[in-house]
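Down below is the structure, laid out as structure tokens.
The values are calculated or read from the model by the stated rules, or taken from the named source; none is laboratory data. Bear in mind the structure is a predicted one, so any value in this text is a computation, not a measurement. Please note: Cβ atoms are built from the backbone with ideal geometry, for glycine as well, and neighbour counts cover all protein chains shown.
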Amino acid sequence: MTRWLIPLLSVAAAGYLLSGAVFLFRHKRTAAGLMGAAWLVNLAVFVLNGLIVGHPPFGNMYQVQVVLSLCFLPLFILLSVRDRLFPFLTYFAIASALPLIGALFMDKQAAWRRMPALQSGWFVPHVLAYLISYALCTVAFILLLNLRLNKNRRDELRCAIVQILRTAFPFMTFGLLSGALWAEEAWGQYWSWDAKEVWSLITWGLYLLYFHLRRSDWRRCADWAHLLAFLALLTTFFLVNLLPKLGSLLHSYA
């Protein structure tokens, strides 16, 4: 089964990118169809990963990036219905492709097994909540970058950013709180000042700062808080896991 992983990852990533490009030429139905097809291929990779390891495939960076990519389309559908964000399909499509492109260059570790600390009922809800929040924050950051390029759409982009981050923040909060409860169950204490925990708290605090700045006299600084928050998110998700000097002792299995 593992021989199918790279071809399927490649097809899904290419499908997402093609969907975003087609949408720019105003072929909305075709773009939506391509994104849906890419998502189904993405789902096939997830199912294969689960069959190979014999449990929910949320355990390492490769598996998590596959799941992260799966989050974007359902969230896009939700926000399109609730907040009329369908015009931003291209941004969701590009964001969907990025984790899969990263997964292509990572050790697949297909036979990875859960250590005892991960054999908990908190495993899936904790990880999934964070992945949903990270998916939304990624799209919001892409929109932030476009504020400089689309001066005529700044109000529309800012409104979309706010709606997306308002949806992301409760998931991030649940991830932080559920992580503390899980830590108490696994290690006997809610907080250990582990690198992963610290950077998760920093990320959460910076997004909270963004919301406060938007409603204050310092609203011009809100975009800078947003930028710093996303950089902290990247540190939490990638650097803490991948760089030895920032390594997370208690979360080294991730």
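For region 156-183, enumerate the residues that are over 22 Å from Ala135 (Cα atoms) and at pLDDT 85 or above. Before the answer, list the steps.
As a first pass, look at region 156-183 and keep what is over 22 Å from Ala135 (Cα atoms): 181-183.
Leu181, the sole residue that qualifies.
For region 184-199, check the following and say yes or no: at least one residue is within 19 Å of Asn241 (Cβ to Cβ), in contact (Cβ under 8 Å) with a residue 60 or more places away in the chain and assigned to a helix (DSSP H, G or I).
Within region 184-199, one or more residues are within 19 Å of Asn241 (Cβ to Cβ), in contact (Cβ under 8 Å) with a residue 60 or more places away in the chain and assigned to a helix (DSSP H, G or I).
Which one of Leu79, Leu5, Leu17, Leu40 is touching a residue at least 40 places away in the same chain (Cβ under 8 Å), over 23 Å from Leu234 (Cβ atoms) and surrounded by fewer than 22 Cβ atoms within 10 Å (Cβ to Cβ)?
Testing whether each residue is touching a residue at least 40 places away in the same chain (Cβ under 8 Å), over 23 Å from Leu234 (Cβ atoms) and surrounded by fewer than 22 Cβ atoms within 10 Å (Cβ to Cβ) leaves just Leu5.
Considering only region 45-72, state which residues are touching a residue at least 40 places away in the same chain (Cβ under 8 Å), hydrophobic (A, V, I, L, M, F, W, C), in a helix (DSSP H, G or I) and in contact with a Leu (Cβ under 8 Å, 6 or more places away or on another chain).
Correct list: Val45, Leu48, Met61, Val64, Val66, Val67, Leu68, Cys71.
Kindly establish whether Trp224 is touching a His at 6+ places or on another chain (Cβ under 9 Å) and surrounded by fewer than 16 Cβ atoms within 10 Å (Cβ to Cβ).
So Trp224 fails the test.
Which ones in region 131-156 are more than 17 Å from Ala93 (Cβ to Cβ) and of a type in the set (A, V, I, L, M)?
Hits for region 131-156 are Leu131, Ile132, Leu144, Leu147, Leu149.
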